[in-house]
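One structure is given here, and the rest of the page talks about it.
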Amino acid sequence: MTKTPRATARLRTTSALLAAVGLLAAGAVSAPAAAGAPDAAAGNLTAQYHAGTTGSEQAEPWLKLTNTGDTSVPLSGLTIRYYFKADAGAPGYRFACSWAVRGCANVTGTFGSLAAPTATADRYLEIGFTAGAGSLAPGANSGDLQLRFHRTDWQPLNQSDDYSFGAAQTAYADWSKVTVQRGGTLLWGTAPEGNDPGDPGDPPDPNGPALFDDFDYTGHTDARLGQRGWTVRSGGGGPGAPGVGWAPEQVTFPGDGAAAVLNLRTSTDGTAAGTRQTELYHQRKFQQGTYAARVRFSDAPVSGPDGDQMVQTFFTITPLDAPMDPDYGELDFEYLPNGGWGESSHILYATSWETYRPDPWEAVNTHTAARQSYAGWHDLVITVDGDSIDYYVDGQPFAVHGEPYLPETPMSINLNHWIISGGLAGSTTPRAYDQQVDYVYFAKDQTLTPAQVAEQVAAYRAGGVSHQDTVPGG
């Protein structure tokens, strides 16, 4: 199997803050989850709409949410749908946030298709929020959300036949033709007939091709790892500083409570030659579907002084066969507890890649970031379909990325723990850092919610299944 090379540098810019809200992963005895549920008062919301433009170059739905209840409501987890009729021949649509009181970096937008198209709607723009958008106090509103979208080919669009469009709405007013929901609960508005956004959709197919691994192994030499498609990395090579090595013996499976977890320990004495990194990766056979892992990030070393710029990851990748290889693909969760890549403190990235060139450096990627500590256990989910890549942390939307970053070829599933080149702290005292993984799950060609992932994992564990792989390929 070809090793999975990774880019040794990244283009990074500032983006959103996101707070973690716990998703209960039933049966995860080795990794207790924090339960989180929306407040019942979230039903006391109204949505207002203002038509930013009535022209044909782009649509501009300006929106505002107001909390009419007596309890604070977090914006994270709420979604707003604006319904429209796709134009004949339109290749697709692009979303943008022109301005938002809560910060455009804290607003997400993605497009979906209606299950029951009508004469005025067959698509919708769904607006979401990261936790950086904050909460609505009783009586407060979100402030302006000045949003827009246009055809990807920039041809004129027709707003007059769009369900949610109101040409006469030249000032903010309550508007029932947009809907507000949290999860499967409709909180405001009326959807086009037959398209209740509270409909949970099709249940997951428990017999569909899937990978589940609970990491019940004896150690890095356990023959079942290779038999099941896993490779424990050894030798040298990037990412990281030139001269670092990969230590298979530091990939272990200790018990945490009643069950084993994967432990990736990376250690250093402050020199490249004395740095030992860890990686476990699966064979290349994964593309569209749902990827999930429960990962324990750490902010501090288990021994020795702190300060090295660590990268703790869950990602998928197709190797780069040549500079700007069009078949390259990569979807990343990367946590930097001590900063790096121009950041001074902890930050979590979700990055989607089209391709790159290592020398001279050129990257075609996009990312979302959250600047806060993520120490502890977190449920990470990535869904990939024909339209978008959706990232979730602890059941809450974190990022939505679309074309041109959708993967074109099968990828491997990877977990690694390494130190950025130039990121070694000055101390020569030996130190070690741990990243742990409770399980990895993949459902081929199914777009599951984080709650459905938790149900599937719970079902495996209730049935005593520690490993299953019915995904074809390899």
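The values are calculated or read from the model by the stated rules, or taken from the named source; none is laboratory data. None of these values were measured; they are calculated from a predicted model. Cβ sites come from the backbone with ideal geometry, for glycine too, and all protein chains shown count toward neighbours. Surface accessibility is based on the protein's heavy atoms, side chains included, excluding ligands, DNA and RNA. Shrake-Rupley method; radii C 1.70, N 1.55, O 1.52, S 1.80 Å.
Farther than 19 Å from residue 302 by Cβ, of a type in the set (Asp, Glu) and under 23 Å from the mean Cα position of the chain (by Cα): which single residue out of 196, 213 fits that description?
213
Of all residues in region 108-124 being small (Gly, Ala, Ser) and within 23 Å of the chain's Cα centre (by Cα), which is surrounded by the fewest Cβ atoms within 10 Å (Cβ to Cβ)?
Residue satisfying both the conditions and the ranking: 113.
Name the single residue that is nearest to residue 85 (Cα to Cα) among those in region 95-123 being touching a Gly at 6+ places or on another chain (Cβ under 6 Å) and touching a residue at least 60 places away in the same chain (Cβ under 8 Å).
116
Take the residues in region 244-267 that are of a type in the set (A, V, I, L, M) and part of a loop (DSSP other than H, G, I, E, B), then tell me which one is nearest to residue 436 (Cα to Cα). Break it down into steps so the answer makes sense when it comes.
As a first pass, look at region 244-267 and keep what is of a type in the set (A, V, I, L, M): 244, 247, 251, 258-262, 264.
Keeping just the survivors that are part of a loop (DSSP other than H, G, I, E, B) gives 244, 247, 258, 261.
Numbers: 244: 21, 247: 16, 258: 15, 261: 6 Å.
For region 244-267, the residue satisfying everything is 261.
Which of (1) modelled with pLDDT under 95; (2) touching a Ser or Thr at 6+ places or on another chain (Cβ under 7 Å); (3) small (Gly, Ala, Ser); (4) open to solvent by 60 Å² or more (accessible area, probe 1.4 Å) does residue 176 not meet, given it meets every other one?
(1)
Does residue 304 qualify as being without any contact (Cβ under 8 Å) to a residue 60 or more places away in the chain, surrounded by fewer than 24 Cβ atoms within 10 Å (Cβ to Cβ) and over 27 Å from residue 448 (Cα atoms)? Break it down stepwise before answering.
Numbers: without any contact (Cβ under 8 Å) to a residue 60 or more places away in the chain: no; surrounded by fewer than 24 Cβ atoms within 10 Å (Cβ to Cβ): yes; over 27 Å from residue 448 (Cα atoms): yes.
Against the criterion (without any contact (Cβ under 8 Å) to a residue 60 or more places away in the chain, surrounded by fewer than 24 Cβ atoms within 10 Å (Cβ to Cβ) and over 27 Å from residue 448 (Cα atoms)), residue 304 does not qualify.
So for region 103-126 (the condition being assigned to a loop (DSSP other than H, G, I, E, B), touching a Leu at 6+ places or on another chain (Cβ under 7 Å) and closer than 15 Å to residue 400 by Cα), does at least one residue qualify?
no
Might you check whether a residue that is open to solvent by 30 Å² or more (accessible area, probe 1.4 Å), among the hydrophobic types (A, V, I, L, M, F, W, C) and either at pLDDT 95 or above or outside any loop (DSSP other than H, G, I, E, B) (or both) occurs anywhere in region 145-153?
Scanning region 145-153, I find no residue that is open to solvent by 30 Å² or more (accessible area, probe 1.4 Å), among the hydrophobic types (A, V, I, L, M, F, W, C) and either at pLDDT 95 or above or outside any loop (DSSP other than H, G, I, E, B) (or both), so the answer is no.
Condition test on residue 402, is it surrounded by fewer than 18 Cβ atoms within 10 Å (Cβ to Cβ) and out of contact with any helix residue (DSSP H, G or I) (no Cβ under 7 Å at 6 or more places or on another chain)?
Spelling it out, it is not the case that residue 402 is surrounded by fewer than 18 Cβ atoms within 10 Å (Cβ to Cβ) and out of contact with any helix residue (DSSP H, G or I) (no Cβ under 7 Å at 6 or more places or on another chain).
Out of all the residues in region 268-285, is one or more assigned to a strand (DSSP E or B) and out of contact with any strand residue (DSSP E or B) (no Cβ under 9 Å at 6 or more places or on another chain)?
No, because not a single residue in region 268-285 is assigned to a strand (DSSP E or B) and out of contact with any strand residue (DSSP E or B) (no Cβ under 9 Å at 6 or more places or on another chain).
Can you tell me how many residues within region 179-200 are open to solvent by less than 70 Å² (accessible area, probe 1.4 Å) and touching a residue at least 60 places away in the same chain (Cβ under 8 Å)?
Number satisfying all stated conditions: 13.
Just checking, how many residues over region 435-459 are hydroxyl-bearing (Ser, Thr, Tyr) and at pLDDT 95 or above?
2
For region 206-246, enumerate the residues that are small (Gly, Ala, Ser) and crowded, with 21+ Cβ neighbours inside 10 Å. Spell out how you get there, then give the answer.
Looking only at region 206-246, we keep the residues that are small (Gly, Ala, Ser), and these are 208, 210, 219, 223, 226, 229, 234-238, 240-241, 243, 245.
Matches in region 206-246: 210, 240.
Looking only at region 422-433, decide whether some residue is among the aromatic types (Phe, Trp, Tyr) and either open to solvent by 40 Å² or more (accessible area, probe 1.4 Å) or over 21 Å from residue 346 (Cβ atoms) (or both).
The answer is no, given that none of the residues of region 422-433 is among the aromatic types (Phe, Trp, Tyr) and either open to solvent by 40 Å² or more (accessible area, probe 1.4 Å) or over 21 Å from residue 346 (Cβ atoms) (or both).
Run residue 336 past the list (1) touching an Asp or Glu at 6+ places or on another chain (Cβ under 8 Å); (2) within 18 Å of residue 291 (Cβ to Cβ); (3) of a type in the set (A, V, I, L, M, F, W, C); (4) at pLDDT 95 or above and report the number of the one that doesn't hold.
(2)
Scan region 281-289 and give yes if some residue there is over 23 Å from residue 397 (Cα atoms) and open to solvent by 30 Å² or more (accessible area, probe 1.4 Å), otherwise no.
Kept after step one, since they are over 23 Å from residue 397 (Cα atoms), are these residues of region 281-289: 281-285.
Checking the rest, the ones that are also open to solvent by 30 Å² or more (accessible area, probe 1.4 Å) come to 283-284.
Yes: region 281-289 contains one or more residues that are over 23 Å from residue 397 (Cα atoms) and open to solvent by 30 Å² or more (accessible area, probe 1.4 Å).
Taking the options 387, 332, name whichever one is surrounded by fewer than 17 Cβ atoms within 10 Å (Cβ to Cβ), at negative phi, within 16 Å of the chain's Cα centre (by Cα) and touching a residue at least 12 places away in the same chain (Cβ under 8 Å). Talk me through it step by step, then tell me what you get.
Details: 332 fails: surrounded by fewer than 17 Cβ atoms within 10 Å (Cβ to Cβ).
Just a single option satisfies the conditions, and that option is 387.
If you go through region 307-325 one residue at a time, how many are buried (at least 22 other Cβ atoms within 10 Å of the Cβ) and more than 24 Å from the chain's Cα centre (by Cα)?
Of the residues in region 307-325, 1 are buried (at least 22 other Cβ atoms within 10 Å of the Cβ) and more than 24 Å from the chain's Cα centre (by Cα).
Would you confirm whether any residue within region 225-240 is assigned to a loop (DSSP other than H, G, I, E, B) and more than 30 Å from residue 417 (Cα to Cα)?
no
Mind listing just one residue for me: the one in region 62-85 that is closer than 25 Å to residue 451 by Cα and among the aliphatic types (A, V, I, L, M) and, of those, surrounded by the most Cβ atoms within 10 Å (Cβ to Cβ)?
My answer is 80.
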